[in-house]
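Below is one structure, written out as structure tokens; comments come after it.
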Amino acid sequence: MRNIVVKLAEARDWEAAIAVAWITFQQISALVCDEKGARDFRDGLTSTQLYIDFLQGEYPLFCAYQGKKVVGMLALKNMAHISLFFVKKEFQGKGIGRELLAACIAYCKEHGVSDLTVNAAPTGLPFYLANGFEALAGERFEGGLRFTPMTLRA
């Protein structure tokens, strides 16, 4: 899928990226969370503080674009933790996730960050394992969400 461009998002892309995250999350939510987890996820996703952090450069957001359309997104918290990572369902399995992850890793290296962490949802676990992440512990259920804490030594 060579007509995909991955780059740091601009302010005008925020709403489209958040929409990709929410729509994709809703498609898998029954597998990864309970009602409280879904509600808390939505509230965090629409947090004004999250948007302010993004605008101030404290919450890097990478987007995958097909033309001007956002089809995938990855966001970093504290420069070392993947906090959001979603690719629209119809674009999954086409290498977009790998491209987003590669852009994130390159960005982290440029900023002196050598280790990345993620709390991988059960649906994302195979992707992370295939891309060099290692589980730090077994699956957990906290705050209404199921996840496996993982790390990548970049």
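The values are calculated or read from the model by the stated rules, or taken from the named source; none is laboratory data. Note that the structure is predicted; figures quoted are calculated from it, not measured. For neighbour counting, all protein chains shown are included, and Cβ atoms are generated from backbone atoms with ideal geometry for every residue, glycine included.
For the range 92-145, what are the residues that are of a type in the set (Lys, Arg) and in a loop (DSSP other than H, G, I, E, B)?
Lys94
Let's see how each residue does on (1) out of contact with any Cys (no Cβ under 9 Å at 6 or more places or on another chain); (2) touching a residue at least 40 places away in the same chain (Cβ under 8 Å); (3) assigned to a strand (DSSP E or B):
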| position | (1), (2), (3) |
| --- | --- |
| Phe54 | yes, yes, no |
| Gly57 | yes, no, no |
| Phe62 | no, yes, yes |
| Tyr65 | yes, yes, yes |
| Met73 | no, yes, yes |
| Ile82 | no, no, yes |
| Glu90 | yes, no, no |
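Run Gly93 past the list (1) surrounded by fewer than 16 Cβ atoms within 10 Å (Cβ to Cβ); (2) farther than 19 Å from Ala38 by Cβ; (3) modelled with pLDDT of 95 or more and report the number of the one that doesn't hold.
Of (1) surrounded by fewer than 16 Cβ atoms within 10 Å (Cβ to Cβ); (2) farther than 19 Å from Ala38 by Cβ; (3) modelled with pLDDT of 95 or more, only one is false for Gly93: (3).
From Ile23, Ile4, grab the single residue that is farther than 22 Å from Thr148 by Cβ and over 16 Å from the mean Cα position of the chain (by Cα).
Exactly one residue qualifies, and that residue is Ile4.
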